[in-house]
Structures are given as C-alpha cells and as structure tokens.
Amino acid sequence: MQLASYQAGLAFTRAHVGNVHSLAHSLGGKYNTPHGLANAIILPYVLKVYGKSIHKKMSKIYEYVGFKDLKNKKDRTNFLIEYIENLNKKMNIENNLMDVIKISDIPSLAKHAYKESYHLYPCT
C-alpha cells in the first residue's frame, strides 16, 4: 500500500490533479467532506463545463469501457456523463453539496482549487 500510495502521488504531481480532484480537496479541507464523495458529486458538473474540449477523450473512454452503439463523440460524452449521474443515483450519492457549501466560501474554495490544479503545483 505504501508503494501504491507513493506511485499515486508521483502520478498526480506529474499529471496534475485536475479540477474535480482539486475542488474535492477544497471541500474536504473546509467542510470535512469525504474525498471520494466530493469527487463523485463534482465529476459530472465539471465534465459538462469542459464541453466539447473533452469529446475526443471521452469518446475513447466510451470505447475502452465497452460501449459500442454511439458513433458521435458528443453523444458518447453526454452518454458517459449521464451514466455517471445514474451511478451516483444508484449509490444514493446526492447530486449537489449546496446544503453544505456557504456561498461566501466559494471564492476561497475556488482559489485553493485553482492553485492545486495549476500545472506547476506543488511548486507554487
């Protein structure tokens, strides 16, 4: 487990943690929200915000996980986002954290998340 944890840390440092992961860290640090739960809730929202910039990668993911019917990259992306949302529902994972988040905290949460997802993190 130590080796796996170490290798994961190296991967995150080299590949950057991304917006979902860094937002989940912000929520965990401020509100003690479990990290996996925060990631699960945030993921579909962030994927939607990325828009067409992720269609190519999401289309590959669609194929990797074994889906075959859809050919259009946008349709594949939308299908996967909906699939994630449905998985969350099946696991009784809420679809938002607004009952936890204070609106006044959003600027500091965003600033922390941005710093962590910035490409030179943890050097900054």
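Restrict the check to the stretch 95-107 and report whether at least one residue is of a type in the set (Gly, Ala, Ser), open to solvent by less than 70 Å² (accessible area, probe 1.4 Å) and either on the phi > 0 side of the Ramachandran plot or without any contact (Cβ under 8 Å) to a residue 60 or more places away in the chain (or both). Checked against the condition, which is being of a type in the set (Gly, Ala, Ser), open to solvent by less than 70 Å² (accessible area, probe 1.4 Å) and either on the phi > 0 side of the Ramachandran plot or without any contact (Cβ under 8 Å) to a residue 60 or more places away in the chain (or both), the stretch 95-107 yields no hits at all. Being at pLDDT 90 or above, small (Gly, Ala, Ser) and open to solvent by less than 90 Å² (accessible area, probe 1.4 Å) is a property that does not hold for Ser117. Looking at this structure, is Ile81 surrounded by 11 or more Cβ atoms within 10 Å (Cβ to Cβ) and under 16 Å from the mean Cα position of the chain (by Cα)? Considered against the rule, which asks whether it is surrounded by 11 or more Cβ atoms within 10 Å (Cβ to Cβ) and under 16 Å from the mean Cα position of the chain (by Cα), Ile81 comes out as yes.
The residues on offer are Leu10, Leu70, Leu43, and the sole one that is closer than 18 Å to Asn95 by Cβ and out of contact with any Leu (no Cβ under 8 Å at 6 or more places or on another chain) is Leu43.
Could you tell me whether the stretch 40-52 includes any residue that is open to solvent by 70 Å² or more (accessible area, probe 1.4 Å) and more than 14 Å from the chain's Cα centre (by Cα)? Yes, there is a match, as at least one residue in the stretch 40-52 is open to solvent by 70 Å² or more (accessible area, probe 1.4 Å) and more than 14 Å from the chain's Cα centre (by Cα).
The values are calculated or read from the model by the stated rules, or taken from the named source; none is laboratory data. Bear in mind the structure is a predicted one, so any value in this text is a computation, not a measurement. Quick reminder, even Gly has a Cβ in these numbers, built from the backbone with ideal geometry, and neighbours come from all protein chains shown. To get the accessible areas, we keep the full protein, side chains included, count just its heavy atoms, and leave off ligands, DNA and RNA. Shrake-Rupley method; radii C 1.70, N 1.55, O 1.52, S 1.80 Å.
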